[in-house]
Amino acid sequence: MSAVKTGGAGRLVAQQRGRPADALFRFATAACASIVLILLAGMLIRTTIAAWPAFRHEGIGLVTSNNWNPNTNSFGGLSFIYGTLVISVIALILGVPTSILIALYVSEVAPPRLGTPLGWVIDLLAAVPSVVYGLWGVFVLVPFLTNDVWTPLSKSGFPLFSPLASGRDFATAGVILALMIIPIISAICREVFRTVPADERESALALGSTRWEMIKLAVLPRSRPGIIAAVMLGFGRAVGETIAVAYLIGGVPNKITDDLFSQGSSIAANIALQFNEAASLPLFKAALIGLGVVLFIMTLIINVTARAIIHRRGQAA
Amino acid sequence: MVGAMIFAVLLAVVPLCLILADVIAKGIHGLSVSFLTQPEPFVATLTGGGFGAGVRGTIKMVALGTIVSVPIGVLAAVYLSEYQPRGVLATTVRFFSEVMTGIPSIFVGIFVFTVVVLETHSFSSWAGGLALGILMLPVIVRTSEEALRLVPETLREASLALGVRRWRTIMSVILPTALPGITTGALLAVARAAGETAPLLLTAFGNTLLVPWTSWNAPEASLTLQIFTDSRSPFPAQQARAWTGALVLIAGVLILSLVARAVISRRAGLGRR
Amino acid sequence: MRIQQRRLAPRGIAAGAVTMGILLAAAACSSSSSSGGTSGSASTINGAGSTFAAPMYQEWAGQYHASHSVQINYQAIGSGGGISEFTQGIVDFGATDAPMSSTEQAAAQAGQGSLVLHVPMIIGAVTIIYNLPGVHGLKLDGPTLANIYLGTIKTWNDPAIKALNPGVSLPSTAIQPVERADSSGTSYAFSSYLAQISPTWASQIGVSKTPSFPVGTGATGSSGVAAAVQQTPGALGYVEYSYAIQGHIPVASLKNASGQFVAPTAASTEAAAAAGTFPTDVTHLVFSLNNSSASGAYPLVTPTYILIAQKPKNVAAGNAVKAWLEWALQKTQQTEVTKLGYVPLPTKLVALDLAALKTVQ
């Protein structure tokens, strides 16, 4: 006879009669769940250990000093952090308004028969592998941007753009990153907009607002935390992107400049480009791993904050 | 305002169409069955041959990644959904597996390099597969948990009320019911893993030769690695192969994504995103 | 009841997955024990390094595989990567355009547990590519090149360049030097040439795979340099000969030590190679062919080396590499190299190479 008792959330839970199978199974699933955490912690710990010689050698200079010269065992990686942030910010500036507008269109404006497939198409942007973005970026985007966009911009004398553009620089890398983060940001924004209660929309409309005013009054304010979270997740994605950036950023260390047409490098791209060479040079390798740990912690903080915002508002992404 | 929205949509859709169009236009010439099965010709300037080494390597390593991540991931999702869903372990795991989906893949490559490649003194397909599996795991956990949550409570209650053991309920009733959702998640994870390059740079390393299906200890190519290498070559024949490889890769990834979506949308209205 | 009749599909799947996992693990373990812990048995060897020589090594690998049953996997990850992977023992041979420094040599010998030989296998030219619409047959010399990359010559119509190109109308556009941002044997060859020519360069920048260029834009890989030059009017860069030829990019003629302006061609590269002086110590066959004074010789020519251990840990793999290299030094294989833009080794160098390989056990 198995007495039934309620477990969490009113669920029926069969009383364990002490059969080992149930306990074993439960243990197995709990173990698998723990593997996720163990893996995460293990990766962090193991890589930090591997990076320790570099931290000891450079100290905080690994991330604060701009002097990357493996030949002289000098590993100041500030330029990589700078590059990572610059291209991600460019990507956000270009990508966030675009994503929000797309999400609004798909969820608020477009008729469902157009909106749903359109949503799928935007999501397809996320399915394109990074190496294809890089390949296309190098052979198609760079010539187009250099000839038709960057050169006029550089001639215009606008600040931030140097006189000569070679096409592989912060700006181009930022553009391709923008393309890559649009699907994430717009997908989450779509979800967020969808959860705005219908009666709020209807009351705005009933008061005589146009659709855009309704969006401004009813949809956007409620969605702000969700949008912030979406932006942060897009930011996290941009920060960690490796291959497409490696193709397009120029791969030159020690470039900290406000010239967006300068070559530069990002943490991830630099690791990908230099790791093979560093593998037998312990300090060099440790420095690259150390920067990888820094990158990891950056993305951890970004993602944790974003998810915390989402969860606090009770919205599941 | 609608004009601005449409402009934004175009800003995203037009490049996507251009990418697809360019990949098809530049890659279609080289597409053939032999492209998928033959290795590259040894003389870099020659046309012909293909990315057989990479196709095989991708299949092998993604398969290994799937085998590693799906059982663990699904069982972890079972724990999150069925046992103590509000408990400390579950909440923490759920939270961090979502966070883990955002880990830079190069970092996973570094980890597996440190733990496997350095210890075994060899690049290997199984290191590559392991890296892919680690990347796939959080995706599987997340999507499987969602799928499991959607299984109606009544099914569970009915099964338990009949005296079926908990674990049996899960295995025989809940998992099969959630199978479409779990499959979707697995397909999406596979699509993601198939498109990864950075972690494989540090673990599988690449190979110009076809590695036997049973050999896992040697460096191995992947479709992505071959595209990456050949796209930076000066020889037009290799660049052409890079485009064809990109076509194969994109086609494979898109097909997987579309199938996954079709599976999910067949569950009328229960799908997300 | 339906529930109990329901096929235990998930359990079957789980069981199947676990079984496959075990099988795969077993396969992995068994194949690892048979390969003795290094990456190659006698039937497969792995090498990595120079992108400069990659097309040739890969072609030789293919031809060798056709006639002998040895598979050679060569990954072009750059000279630095080749040295690094070889030192770690992850590949059976390394390939580098830049000879190892004494620290690298010590590390490699420690890693391999024996003396490491440099065996020069291929000789090729580094070309200076440029983008000046309307200007054909640009002539440059070493000092001018050094000053361009030092930043003291800034525009194309600088008097120094004009003096070398009488009668050619040069624009006043700024020169945009392009260089390798990643570690590169080609950079090593280029910087070693500049260091020989220009004392300023030698003291300020020196010779390295990653010289700290004071000016110019960086690009990754020779394809990156080639692309950057092609896309930027006024740009100048240095790439291996094959990249210039394949990309149909204009190349400059360089003044050699005899005062002739020589374009990079197979003949001029061969002339430089033939006039080279080679060391007598076969365990360290490292030399320079820069700035040759031979007639008709192109001054920016570099050898590229294969690194092997004299007493390899994995004897089967070591012997396989040795056999392959001996095969590649034969006449037929040497003449093949011209198809890809390199020149055959001079006979005396071949003899030295074979002597070096003989010392490999």
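The values are calculated or read from the model by the stated rules, or taken from the named source; none is laboratory data. Please read all numbers here as calculations on a predicted model, not as lab measurements. All Cβ positions, even for glycine, are placed from backbone atoms using ideal geometry, and neighbour counts span all protein chains on display. For accessibility, only protein heavy atoms count, side chains too; no ligands or nucleic acids. Shrake-Rupley method; radii C 1.70, N 1.55, O 1.52, S 1.80 Å.
Which whole-number value in Å² is the accessible area per residue of the protein assembly as shown, probe 1.4 Å?
About 36 Å² of surface per residue is accessible.
What residues have an amide H closer than 5 Å to that of C:Thr44, excluding those fewer than 5 places away on the same chain, when H is modeled at 1.01 Å from N in the peptide plane?
Residues meeting the amide H criterion: C:Gln71.
Give the average over all directions of the projected area of the C-alpha convex hull of the range C:236-361, one decimal, in nm².
Hull-based average projected area comes out at 8.6 nm².
So if a site counts as exposed when it's one of the trypsin sites (Lys or Arg not before Pro), its DSSP state isn't H, G, I, E or B, and it has at most 15 other Cβ atoms within 10 Å, what's the longest stretch of chain C without one?
C:155-361
Return the value, in Å² to the nearest 100, of accessible area buried between chains A and C (probe 1.4 Å, both sides summed).
Roughly 1800 Å² of accessible surface disappears when A and C pair.
For the protein assembly as shown, compute the orientation-averaged projected area of the C-alpha convex hull (one quarter of its surface), in nm².
40.4
Of all the accessible heavy-atom surface of chain B, with the other protein chains kept in place and a 1.4 Å probe, what percent is carbon and sulfur?
71
Which whole-number percent is the relative contact order of chain C (Cα, under 8 Å, 6+ apart)?
It rounds to 22 percent for chain C.
Whole angstrom only: what separates the Cα centroid of the range C:220-238 from the Cα centroid of the range A:21-45?
51
How many angstrom lie between the C-alpha centres of the range B:46-119 and the range A:98-161?
Taking the Cα centre of each part, the range B:46-119 and the range A:98-161 sit 29 Å apart.
Tell me which chymotrypsin sites (Phe, Trp or Tyr not before Pro) from the range B:180-233 have a DSSP coil assignment and no more than 16 other beta carbons within 10 Å of their own.
Here the chymotrypsin sites (Phe, Trp or Tyr not before Pro) that fit, given the DSSP loop and packing criteria, are B:Trp213.
Treat each spin label as a single point 7 Å out from the Cα along the C-beta direction, and report the C:Thr152 to C:Gln109 distance in nm.
3.9
Less than 10 Å Cβ to Cβ from C:Thr144, Lys/Arg counted +1 and Asp/Glu -1: what total charge do the surrounding residues give?
0
Using only Cα atoms, figure out Rg for the range B:51-269 and give it as a multiple of 2.2 N^0.38 Å.
1.14
For the range B:27-43, take each phi angle, set θ = phi - 60°, evaluate the Karplus expression 6.51 cos²θ - 1.76 cosθ + 1.60, and give the result in whole Hz per residue in order, putting x for glycine and proline.
x, 5, 4, x, 6, 6, 4, 5, 4, 7, 10, 8, x, 6, x, 6, 8
Accessible area drop of at least 50 Å² (1.4 Å probe, protein heavy atoms): which residues of the range A:27-69 qualify, relative to the chain alone?
A:Thr29, A:Cys32, A:Ala33, A:Val36, A:Leu37, A:Leu39, A:Leu40, A:Met43, A:Arg46, A:Thr47
Mind listing the long-range amide H neighbours of A:Asn69? Cut-off is under 5 Å, sequence gap 5 or more, other chains count too, H placed in the peptide plane at 1.01 Å from N.
A:Ser74, A:Phe75, A:Gly76
Listed here are the pairs C:Lys162/C:Lys209; C:Lys311/C:Lys358; C:Lys209/C:Lys255; B:Lys60/C:Lys322; which of them are more than 20 Å apart at the Cα?
Checking Cα-Cα distances, C:Lys162/C:Lys209; C:Lys209/C:Lys255; B:Lys60/C:Lys322 exceed 20 Å.
Could you name every residue in the range B:56-101 that has 40 Å² or more less accessible surface in the full protein assembly than in its own chain alone (probe 1.4 Å, ligands and nucleic acids excluded)?
The answer is B:Ile67, B:Ile72, B:Leu75, B:Tyr79, B:Tyr83, B:Leu89, B:Val93, B:Phe95, B:Phe96, B:Glu98, B:Val99, B:Met100.
Could you run the Karplus curve 6.51 cos²θ - 1.76 cosθ + 1.60 with θ = phi - 60° over the range B:58-72 and give me ³J(HN,Hα) per residue in whole Hz, x for Gly and Pro?
Working through the residues one at a time gives 4, 4, 4, 6, 5, 4, 4, x, 5, 4, 6, 8, 5, x, 5 Hz.
Hey, got the Cα dimensions of the range A:61-312 along the principal axes, in Å, largest first?
Sorted largest first, the three principal extents are 70, 42, 31 Å.
How large a share of the accessible area of chain C, in percent, is made up of carbon and sulfur atoms when the probe is 1.4 Å and the other protein chains stay in place?
Ligands and nucleic acids excluded, carbon and sulfur reach 58 percent.
May I ask for the accessible area buried between chains C and B, both sides summed, probe 1.4 Å, to the nearest 100 Å²?
For chain C against chain B, roughly 3500 Å² becomes buried.
What net charge is computed for the residues neighbouring B:Val248, neighbours being all others with C-beta under 15 Å from the C-beta of B:Val248, Lys and Arg scored +1, Asp and Glu -1?
0
Rounded to whole Hz and in sequence order, give me ³J(HN,Hα) for the range B:163-174 from the Karplus expression 6.51 cos²θ - 1.76 cosθ + 1.60, θ = phi - 60°, writing x for Gly and Pro.
Computed from phi, the couplings for the range B:163-174 are x, 6, 4, 4, 5, 5, 4, 4, 5, 9, 10, 6 Hz.
Output the relative contact order of chain A, whole-number percent, from Cα pairs under 8 angstrom with separation of 6+ residues.
Reported relative contact order: 25 percent.
Take every Cα-Cα distance within the range B:118-230, group them into 10 Å bins from 0 onward, and report for each bin the whole-number percent of pairs it holds.
Whole-percent P(r) values from 0 Å outward: 14, 31, 23, 17, 12, 3, 0.
For the interface of A with B, what's the total buried accessible surface in square angstrom, probe 1.4 angstrom, rounded to the nearest hundred?
8000
Modelling each spin label as a point 7 Å along the Cα-to-Cβ direction, I'd like the C:Ser293/B:Ile255 distance in nm, to one decimal.
Computed distance between label sites C:Ser293 and B:Ile255 equals 6.6 nm.
Within a Cβ distance under 15 Å of A:Ile49, other residues only, what is the Lys/Arg minus Asp/Glu net charge?
Charge balance near A:Ile49 sits at +2.
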